[in-house]
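Here is the structure we will look at, set down as structure tokens.
Where a number appears in this text, it was derived from the coordinates with a stated rule and is not lab data. The model shown is predicted, which means the values in this text are computed figures rather than measured ones. Cβ coordinates were reconstructed from backbone atoms using ideal geometry, including for glycine residues, and neighbour counts include every protein chain displayed.
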């Protein structure tokens, strides 16, 4: 950020690692993105990485209990509320996944399904959250569904009333993507990057530019929302955004 401009806006960037494996390739790219996000304004950009590895997310059973209580009936059985609460407070979300069957892992999909239904009840409407979203996907093979997995995240973000951004072309058009050159080791991407693999370098560059743009846009949106808060308060659909930015 420009040093002579006083910035009183602080944002929270939540990085969700949607890999069931700990300390693996997806987390490597996510950490690159979060590091770049933090570098935009270290004093005013808080970043947090959250891994679903070792967590349990039961599937939505379409019982509609959340419509009455605002809470998912299954939340006492698993780790749903922990991540839901972090999501609610975040000004930006970077969601990173390994490709599973040309899409996202089932554990994360279960969380997204329940988040969508229960948040609408929790907040009183679908609403406009205006969180800035960035998506990262990596797979073992070069054409194994990375873009499709990214689009799944984008669709989720839009449905929840958020804003999508990508990194910088040409490395990033929809988000950040990479592949491990057919290697299955948990540290394959890190190893390839350190050995100066061209494709791994591209994946890291895409992840870092994505993280940077996510943080920048989140700062811009929050500053703008605070400036126009009296106008936004007139529209009940902005309730989720207003509730969040009014918190210190």
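Computed extension length for residue 101-residue 230: 41.8 nm, one decimal, from 0.36 nm per residue of separation with the Cα-Cα distance subtracted. Were the residues from residue 220 through residue 49 laid out at 0.36 nm apart, the gain over their Cα-Cα distance would be 59.4 nm.
Ordering of 238-247, 62-71 by packing is 238-247, 62-71, highest average first (other Cβ atoms within 10 Å, averaged per residue).
As a rough guide to protection, the peptides 17-26, 178-187 ranked by mean Cβ packing within 10 Å, highest first, stand as 17-26, 178-187. Residue order for 28, 198, fewest other beta carbons within 10 angstrom first, comes to 198, 28. Working note: 222 nm ellipticity from helices only, DSSP H runs with n ≥ 4, each -39,500 (n - 2.57), summed and divided by the residues of the chain, gives -14000 deg cm²/dmol to the nearest 500.
Per-residue counts of other Cβ atoms within 10 Å, averaged by peptide: what ranking do you get for 34-45, 219-230, 147-158, highest first?
Packing proxy ranking, top to bottom: 147-158, 34-45, 219-230.
Here the extension length gained between residue 10 and residue 81 equals 23.2 nm, from 0.36 nm per residue of separation less the Cα-Cα distance. The stretch 11-63 and the stretch 162-176 have Cα centres spaced 17 Å apart.
For the stretch 11-245, what is the relative contact order in percent, using Cα pairs closer than 8 Å and at least 6 residues apart in sequence?
Details: 484 pairs, mean separation 59.4, N = 235.
Relative contact order, the stretch 11-245: 25 percent.
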